[in-house]
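Reviewing the structure listed below.
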Amino acid sequence: MNTILRKSILGIAGLTVAGGLAAGPLNHDTSTPTTRDAAAVTTTQAAKLDSAALIPHGVQGTQSHIDLNDEQTANVKAIIAATKKAGMDERAAVVSIATALQESKLENLGHLGDRNDHDSQGLFQQRPSSGWGTVEQITDPEYSTTAFLKGLKQVDGWRDMPLTVAAQTVQVSAYPDHYAQWEQQAADLVAEHWNS
């Protein structure tokens, strides 16, 4: 075969192979990804990351859930704002909200008379007689959250504890295991409202 002809054939074959490789793999997907697909992947990945940060030890036991009204949602937002103001992270907000869900169902409770546990009041059922503050202070969501977080900061290794242990160490409740049932809803609320 003529040298010029051989070089021409090899040149054309090389261009064909190179063109095919430049166009993509032989078994490539012909569908065009949409912005919505990319957003869904990003949202799914973010949800997985958030879940790992919000519930690092996994939930314990059966989980409870309540529907929130506007006042309860406002209290969630107040807890998150106080957590940020205290320089603490999303996990601290999860512990705080789960604690408030157990103690008051996120309702800022005043004195309940005979139905009250001693003089416990506010979102966290804190007691003036135990040094948490005045009635006016502990029924202020920002103050009561800050007081709870101050106690949480003093618990060595609280981030490495299951939620119920961390909450119980601050609250000293008669029902220490009850905090665990609110961890998933608390995490969901923090994921929903942390950046709102």
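The values are calculated or read from the model by the stated rules, or taken from the named source; none is laboratory data. A quick note: this is a predicted structure, and the numbers were derived from the prediction, not measured. So basically every Cβ, Gly included, is an ideal-geometry build from the backbone, and we count neighbours across all protein chains shown. What goes into the accessible areas is simple: the full protein's heavy atoms, side chains included, and nothing from ligands, DNA or RNA. Shrake-Rupley method; radii C 1.70, N 1.55, O 1.52, S 1.80 Å.
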Seminar exercise, completed: Taking region 106-124 and the residues there that are open to solvent by less than 30 Å² (accessible area, probe 1.4 Å) and assigned to a loop (DSSP other than H, G, I, E, B), the one that is modelled with the lowest pLDDT would be 116
Seminar exercise, completed: Just one listed residue, out of 100, 81, is open to solvent by 20 Å² or more (accessible area, probe 1.4 Å), aliphatic (A, V, I, L, M), part of a helix (DSSP H, G or I) and within 22 Å of residue 190 (Cα to Cα), and it is 81
Exercise. Tell me, which residue of region 66-78 that is part of a loop (DSSP other than H, G, I, E, B) and out of contact with any helix residue (DSSP H, G or I) (no Cβ under 8 Å at 6 or more places or on another chain) is surrounded by the most Cβ atoms within 10 Å (Cβ to Cβ)?
Worked result: 69
For this session: Taking the options 188, 177, name whichever one is among the acidic types (Asp, Glu) and over 13 Å from residue 91 (Cα atoms).
Result: 177
Exercise. List, please: which pairs have Cβ atoms under 7 Å, are six or more places apart or on different chains, and start with a residue in region 160-189 that is on the phi > 0 side of the Ramachandran plot and at pLDDT 95 or above and end with one that is open to solvent by 70 Å² or more (accessible area, probe 1.4 Å) and of a type outside the set (Lys, Arg)?
Worked result: none
For this session: Please go through region 153-193 and pick out each residue that is charged (D, E, K, R) and either out of contact with any helix residue (DSSP H, G or I) (no Cβ under 9 Å at 6 or more places or on another chain) or open to solvent by 30 Å² or more (accessible area, probe 1.4 Å) (or both).
Result: 153, 156, 159, 160, 177, 188, 192
Exercise. Residue check: is residue 135 β-branched (Val, Ile, Thr) and at pLDDT 95 or above?
Worked result: no
Problem set entry | Hey, residue 71 at pLDDT 95 or above and more than 24 Å from residue 136 (Cα to Cα) or not | no
